[in-house]
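Chemist: Got a structure here, written out as structure tokens. Questions coming.
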Amino acid sequence: MTAKTITLPALPIRDMVLFPGSRVPFVVGRPASVKTLELAIKAGDHLLLVTQKDPKVEDPRQEHLYAIGTLALVESLIALPKNYYKVGVKGVSRVRLERFNPDGEVIQAEVLLLAEPGPHPGESALLKPFHRAVEGFLARNPDAGRMLSMDQVREMPLGRALDTVAGLLQSEVREKQAVLEQLEVEPRLHTVLKLIEMDTARTEVDRDLDEKTRQRLDEDHKQYVLSEKMRVIQQELGKKDKDEFARLKDRILQARMSEEAEKKALEELERLEAMPPQSAEATVSRTYIDWLLALPWQARADEHLDLDEAQRILDEDHSGLEKVKERILEHLAVMRRLRDQAEPSVTQEIEAKDGKPVGGGLSKEPSGAPPSRTALRGPILCLVGPPGVGKTSLARSVARALNRPFVRMSLGGVRDEAEIRGHRRTYIGSMPGRIISLMKKAGVRNPLLLLDELDKMGSDWRGDPSSALLEVLDPEQNFAFQDHYLDLGFDLSQVMFVATANVRHNIPEPLEDRLEIIELSGYTLREKLAIAENHLIPKSVERNGVAGLDIRIERQALEKIVQAYTKEAGVRQLEREIAGVLRKQARSSLQPGQEESFDPVVTVERIPRLLGPEKFLETPPDEQALPGVVNGLAWTSTGGDLLTIEAATLPGKGNLKLTGKLGEVMQESAQIALSYVRARAERLGLAPDFLDKMDLHLHVPEGAIPKDGPSAGITMATALISVLTGIPARSDLAMTGELTLRGMVLPIGGLKEKLLAAHRLGRKAVLIPAENARHLEEVPAEVREQLGIHLVGHMDEVIPLALTRRPEPRPPATASPAEASPGR
């Protein structure tokens with residue numbers, strides 16, 4: 001044999017061996033392998049394929065590869081998604097790996113090209129046993145027989161035939177590699193014959209197992225057929241198995257269902273007895289009976305209405321939200337009084353019906369009539385507020401305070417009425433709606449059921465789920481709620497429903513009419529710090545496994561996180577940022593040399609290193625105020641925000657240009673503001689024809705965010721006055737209010753959120769409509785104390801407060817001498 005050293009692009013391959021003369025496809029995905037493949041195609045389509053010893057190694061070195069590989073020719077290349085390629089190659093000859101270099105942009109290797117040995121003197125004597133073994137192998141393996149025929153084997157040289165057969169064998173990679181490493185024909189033949197013998201033995205074992213499995217299946221089928229025949233004979237003779245039906249009947253009678261439900265269940269049981277057990281109808285009937293038995297017809301949770309305990313739980317679970325917690329406690333107090341008044345009458349009613357009290361103080365109530373505890377029906381609470389302010393956790397706390405099971409139904413994205421009412425039993429795979437499913441899950445008839453994301457329901461051709469909820473939430477109807485699957489009334493009057501929503505005006509009006517809305521606004525900085533210290537940090541310390549490290553986050557560091565890394569009304573993002581700090585601490589405690597040494601005290605100076613650059617830069621008041629720039633206040637679904645309005649003058653013909661993706665109402669507010677300025681031109685020191693040779697441009701950043709509403713009216717008017725008079729507006733002041741053509745300032749909504757935003761963003765004073773004075777009680781005391789709140793009823797009151805100085809009125813025009821003299 002002769003050997004020649006060459007340098008080739010190289011690809012390590014896993015779980016396969018390529019033999020000379022064989023064709024195989026494989027997928028290339030590693031970046032270095034893709035670049036190597038590109039080099040091989042440019043250099044003549046030749047590359048080295050060498051098998052890895054361990055397929056799990058991602059970046060193999062020379063010690064991870066076998067010493068003998070194959071020189072291959074790239075015959076096809078197909079691009080796949082995500083930068084993967086399917087490559088078809090054909091083996092050319094064996095090579096010995098001398099040096100493997102995976103460190104460059106492409107993988108290359110120095111190899112010795114190994115020539116195939118010539119004909120062996122005793123080769124003809126070896127052909128007969130080899131051909132006989134291959135013929136048996138092809139007969140046992142139809143897939144291999146389709147790829148290779150005995151005529152092809154006889155025409156090939158013995159070495160090439162050995163390689164071709166070895167490539168078709170279902171052997172392990174190391175066994176095939178052993179064949180590749182046999183350079184001489186005779187040892188290679190013995191190795192291949194041994195692998196064929198092993199394949200023969202493996203095939204015999206598989207065949208034996210298949211035969212035994214088939215025999216067992218035949219026996220099982222025989223037993224099934226015989227048992228079915230016996231069942232049919234018994235049915236014909238009227239000897240049905242009564243035990244199961246008797247047990248079902250006893251369970252139905254003991255379930256204390258309503259009269260309607262019990263009658264329906266017994267009728268369905270009679271139908272079930274008459275049906276063949278294996279029929280589809282029997283399965284439907286049995287499932288229906290199981291659902292009726294699983295529902296809590298009379299089971300009740302032992303409800304606690306201790307107001308002191310409820311207040312303790314609410315205070316323990318939530319910081320702040322005093323008004324909201326006060327309203328919830330009022331609701332619980334009413335429930336307590338109604339329950340105390342109702343219990344004597346309920347006891348008398350039960351004794352009158354049955355002659356004695358029923359266990360648990362309950363009676364079976366006829367379907368279709370209101371339950372005896374009508375007095376317990378109260379308003380349904382709906383907690384409305386931005387994300388992360390604690391609506392869902394408040395509902396959990398109420399359930400814990402009442403000792404009621406808590407079940408939650410998410411309505412976000414629900415568009416199908418059947419989600420609420422279920423499907424009728426005529427449909428294949430029908431099930432009850434989610435209301436009934438949650439009642440089964442709760443196991444009692446008086447759980448607390450949370451209707452989450454009430455404002456995010458939709459409707460389409462499948463129905464309107466909000467209309468289906470009307471029956472659920474209406475106390476005059478829900479004592480006999482009709483689910484399409486059950487097709488009978490189920491009492492929901494004892495369920496305490498609590499709903500949540502982010503935006504009130506997205507709740508359908510008929511549905512909102514049945515709810516008592518409790519508004520949850522955003523938290524102040526002090527409340528967020530208290531929540532972080534009392535709730536978020538202890539919870540995050542436990543979740544991130546750093547309880548034993550005595551980590552302490554300084555209060556100044558917490559303030560930094562709240563002000564520079566979150567911009568939200570709630571605390572959800574704050575919780576994520578605190579968890580990010582604790583994860584960094586956990587890593588530095590285990591790898592002190594990676595970024596910085598572990599320090600259990602998190603100071604304000606360390607926050608940028610732990611969380612990266614500040615995500616939200618506060619907008620401090622400009623030291624040098626500019627004409628035409630005024631701070632407004634806006635309400636968003638995540639709380640309040642600052643709305644800077646910019647005005648500019650430019651040469652033109654009196655046009656007003658509006659930018660910033662403004663809605664129709666906001667554009668009308670800008671027109672009203674301009675009309676007011678034109679009407680007051682002389683009082684503002686402006687010429688009557690000031691618009692003849694100029695255009696005005698109003699812009700409201702950020703331009704990609706849609707904005708609408710009338711509450712920026714006085715802000716736009718102030719911006720126009722400021723730019724036209726050249727008098728800057730106060731940069732430490734913000735304002736909100738709707739403007740009329742007469743200059744009246746009308747009330748606005750979202751006052752609490754807007755004042756919280758002004759306080760959070762460092763403004764010292766705000767202007768609000770005088771009619772909103774009644775809403776100031778809802779604003780936290782610390783915000784009212786730190787903000788200078790000015791009540792304004794007319795635009796004339798806004799101008800001196802908003803501008804750094806009052807505009808000088810234009811003196812009245814006097815007639816010139818020429819105009820005063822009579823014409824000639």
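The values are calculated or read from the model by the stated rules, or taken from the named source; none is laboratory data. No experiment lies behind these values; they were computed from the predicted model shown. Neighbour counts run over all protein chains shown; Cβ positions are idealised from the backbone, glycine included. For the accessible areas, the whole protein counts, side chains as well, though only heavy atoms, and no ligand, DNA or RNA atoms are used. Shrake-Rupley method; radii C 1.70, N 1.55, O 1.52, S 1.80 Å.
Chemist: Kindly indicate whether Val677 is more than 40 Å from the chain's Cα centre (by Cα), under 30 Å from Leu520 (Cβ atoms) and open to solvent by less than 30 Å² (accessible area, probe 1.4 Å).
Modeler: So Val677 does not fit the description; no.
Chemist: I'd like to verify a number: residues in segment 621-647 that are touching an Asp or Glu at 6+ places or on another chain (Cβ under 7 Å) and modelled with pLDDT under 80, how many?
Modeler: Residues that pass the stated criteria total 4.
Chemist: Right, another one. With Arg526, Arg543 as the choices, which residue is surrounded by fewer than 18 Cβ atoms within 10 Å (Cβ to Cβ), at pLDDT 85 or above and basic (Lys, Arg)? First the steps, then the outcome.
Modeler: On the way: Arg526 fails: at pLDDT 85 or above.
Step by step, each of Arg526, Arg543 is checked, and only Arg543 is surrounded by fewer than 18 Cβ atoms within 10 Å (Cβ to Cβ), at pLDDT 85 or above and basic (Lys, Arg).
Chemist: Separate question: Give the residue that is farthest from Glu204 (Cα to Cα), with candidates limited to residues of segment 126-155 that are under 54 Å from the mean Cα position of the chain (by Cα) and either of a type in the set (Val, Ile, Thr) or not in a helix (DSSP H, G or I) (or both).
Modeler: Taking the candidates together, the pick is Leu148.
Chemist: Does any residue in segment 771-798 that is within 21 Å of Glu322 (Cβ to Cβ) come within less than 8 Å, Cβ to Cβ, of a residue that is of a type in the set (D, E, K, R) and part of a helix (DSSP H, G or I) six or more places away or on a different chain, and which pairs are these?
Modeler: His775/Lys752; Leu776/Arg784; Glu778/Lys323; Glu778/Lys752; Val779/Lys752; Pro780/Glu527; Glu782/Arg526
Chemist: Something else now. Need pairs with beta-carbon distance below 6 Å; first residue loosely packed, with under 10 Cβ neighbours inside 10 Å and within segment 203-226, second not in a helix (DSSP H, G or I); sequence gap 6+ or separate chains.
Modeler: none
Chemist: Now for a different question. Could you grab me the full set of residues in segment 624-678 that are closer than 19 Å to Ala704 by Cα and assigned to a loop (DSSP other than H, G, I, E, B)?
Modeler: If the condition is that a residue be closer than 19 Å to Ala704 by Cα and assigned to a loop (DSSP other than H, G, I, E, B), then Ser637, Thr638, Gly660, Lys661, Gly663 are the ones that fit.
Chemist: What pairs come out if I take residues in segment 719-747 that are touching a residue at least 60 places away in the same chain (Cβ under 8 Å) and pair them with residues that are hydroxyl-bearing (Ser, Thr, Tyr) and part of a strand (DSSP E or B) whose C-beta lies under 9 Å away, six or more apart or interchain?
Modeler: Listed by first residue and then by second, the contacts come to Val723/Thr649; Leu724/Thr649.
Chemist: Check off (1) under 30 Å from Glu559 (Cβ atoms); (2) in contact with a strand residue (DSSP E or B) (Cβ under 7 Å, 6 or more places away or on another chain) for Val503 and give me the number that stays unchecked.
Modeler: (2)
Chemist: A follow-up question, please. What are the pairs with Cβ atoms under 6 angstrom where one residue, in segment 247-260, is assigned to a helix (DSSP H, G or I) and the other, located anywhere, is modelled with pLDDT under 85 and open to solvent by 30 Å² or more (accessible area, probe 1.4 Å)? Sequence gap at least six, or different chains.
Modeler: Glu259/Pro366; Glu259/Ser367; Glu260/Ser367
Chemist: Another one. Would you mind stating whether Glu668 is surrounded by 16 or more Cβ atoms within 10 Å (Cβ to Cβ) and charged (D, E, K, R)?
Modeler: For Glu668, the condition - surrounded by 16 or more Cβ atoms within 10 Å (Cβ to Cβ) and charged (D, E, K, R) - is not met.
Chemist: Out of everything in segment 29-50 that is outside any helix (DSSP H, G or I) and farther than 20 Å from Thr7 by Cβ, what residue ends up being modelled with the lowest pLDDT?
Modeler: Only one residue fits best here, namely Arg30.
Chemist: Quick check: anything in segment 706-728 in contact with a Gly (Cβ under 8 Å, 6 or more places away or on another chain), under 19 Å from Leu643 (Cα atoms) and charged (D, E, K, R)?
Modeler: yes
Chemist: What number of residues within segment 291-319 are more than 30 Å from Ile436 (Cβ to Cβ), surrounded by 15 or more Cβ atoms within 10 Å (Cβ to Cβ) and of a type in the set (D, E, K, R)?
Modeler: The total comes to 0.
Chemist: Also: In segment 546-586, which residue that is among the polar types (S, T, N, Q) and within 22 Å of Gly385 (Cβ to Cβ) is most open to solvent (accessible area, probe 1.4 Å)?
Modeler: Top of the filtered list is Gln563.
Chemist: State the number of residues belonging to segment 386-405 that are on the phi < 0 side of the Ramachandran plot and either more than 26 Å from the chain's Cα centre (by Cα) or surrounded by 19 or more Cβ atoms within 10 Å (Cβ to Cβ) (or both).
Modeler: 12
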